[in-house]
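A short worksheet on the structure shown next.
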Amino acid sequence: MKKSLIVLMVLMLAFTCLFAGCSGGSEEPVATPKTALTPDEPAAPSNKIDIPVNDGREYREMEFGRFPSEEVDDEELIKSLNALADTERDSTTGYYTYDGKQYQKEFVIEKDPETKTDVTVIYWFEVNPIGWYVLDESDGKIMLIAKKNVDARKFNETLENTNWGISTLRDWLNGMGTYKGETPSFYNSAFTAEEQSIIVTQDITTGANPKYGTAGGDAVKDRVTILSIEDLDQSSSWSEKAFAPGEDDDVSLRACGNTDYALFKGAADEVSYALRSSSWQWLRNMGSYEQNAAYISESGHTMNAGYVVTFNQIGVRPVIVLNADYVTEK
């Protein structure tokens with residue numbers, strides 16, 4: 001699988017709106033009413049959690065949680081993993097454990113080039129710590145955005161009028177609805193109970209699409225979210241005018257790469273203006289109408305018109321906030 005490297009220059013304090021919620025936009029109702037669930041609030045931790053931190057060129061980076069990332073290509077290891085029984089799969093995370101490490105198993109139906117028949121091909125991905133960039137540190141909170149797309153998923157599983165608050169993508173990220181309990185979600189797969197206890201519940205307001213006026217839906221409370229158009233507009237450093245190719249080796253500030261796992265799941269692998277491999281990522285806002293969702297292009301531009309919510313080639317780049325009182329940097 002093609003591996004992407006991405007450098008993200010972050011202006012500190014650019015996204016403080018996510019702590020308190022960003023206002024704005026139309027309040028017109030969405031055509032398909034649903035109930036937006038609230039993520040469960042875990043108990044406070046009994047002690048601090050050690051989190052690896054290092055200083056990048058223009059930002060700080062952290063490792064927190066874990067998720068499938070690198071494809072396994074060692075043939076002997078693959079044989080050992082294939083021999084694992086399905087009963088060894090953890091029902092909460094979906095991971096298998098072998099020789100002290102965790103792995104994600106995926107199936108694909110492919111055509112056998114010789115027999116022309118369908119065959120089931122198994123792929124394995126190593127579960128590794130998630131790398132994050134620090135967007136903001138203030139008021140005892142640390143806001144993080146994933147360095148790369150961790151997955152590629154539909155904004156909503158069915159083609160209907162929707163918004164962030166009632167989307168299946170939000171359910172998956174927060175472990176709600178269908179993804180609550182034994183069905184693996186990002187929240188339950190990526191974070192242990194102790195790690196979940198220091199993730200702050202954010203008050204999230206998603207405004208109307210600034211170009212098309214499509215409603216953003218009701219305010220919600222998220223433990224895991226993604227960026228919105230409003231978040232991107234908080235600083236001139238993140239405006240589209242900042243995305244002309246420069247003389248240095250940076251890609252567009254808002255563009256990001258994919259993990260092997262995200263590529264496997266279908267994330268588009270494009271080439272940005274700076275000739276770096278990068279991809280698309282969903283935004284919380286709806287697009288030109290309620291069956292489209294906005295996204296960021298491979299070159300960092302905000303695509304206001306969006307793409308149909310059931311499109312499965314747009315990446316997911318989570319945003320979380322940690323309670324700094326329970327974090328020990330190491």
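The values are calculated or read from the model by the stated rules, or taken from the named source; none is laboratory data. The model shown is predicted, which means the values in this text are computed figures rather than measured ones. As a convention, Cβ positions derive from the backbone with ideal geometry for all residues, glycine included, and neighbour counts pool all protein chains shown. Please note that ligands, DNA and RNA were not included when accessible areas were found on the heavy atoms of the full protein model with its side chains. Shrake-Rupley method; radii C 1.70, N 1.55, O 1.52, S 1.80 Å.
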Cut-off under 5 Å, modelled amide H: who pairs with residue 131 long-range: 147
Residue 221 long-range amide H proximity, modeled H, under 5 Å: 204
Probe of 1.4 angstrom, ligands and nucleic acids ignored: what's the accessible area per residue over region 126-199, in square angstrom? 30 Å²
What aspartates and glutamates sit close enough to residue 221 to cross-link, taking a C-alpha to C-alpha distance under 15 Å and skipping anything fewer than 8 places away on the same chain? 40, 41, 171, 203
Modelled label-to-label distance, residue 91 and residue 211, 7 Å Cα→beta-carbon offset: nm? 4.6 nm
If r is the Cβ-Cβ distance from residue 108 to residue 138 and R0 is 51 Å, what FRET efficiency results, to the nearest 0.05? 0.70
Karplus couplings for region 82-99 from phi (6.51 cos²θ - 1.76 cosθ + 1.60, θ = phi - 60°), rounded to Hz, Gly and Pro as x? 5, 7, 5, 7, 4, 5, 8, 7, 6, 5, 7, 8, x, 8, 9, 10, 9, 6
With each pseudo-label sitting 7 Å past Cα toward Cβ, what's the residue 41-residue 99 distance in nm, one decimal? 4.5 nm
Enumerate the calculated ³J(HN,Hα) couplings along region 289-305 in order (Karplus 6.51 cos²θ - 1.76 cosθ + 1.60, θ = phi - 60°), each rounded to whole Hz, writing x wherever the residue is Gly or Pro. 8, 6, 9, 10, 10, 5, 7, 9, 7, 5, 9, x, 7, 7, 9, 5, 5
Other-chain or far-sequence residues with amide H under 5 Å of residue 315's (modelled H): 268, 280, 281, 282
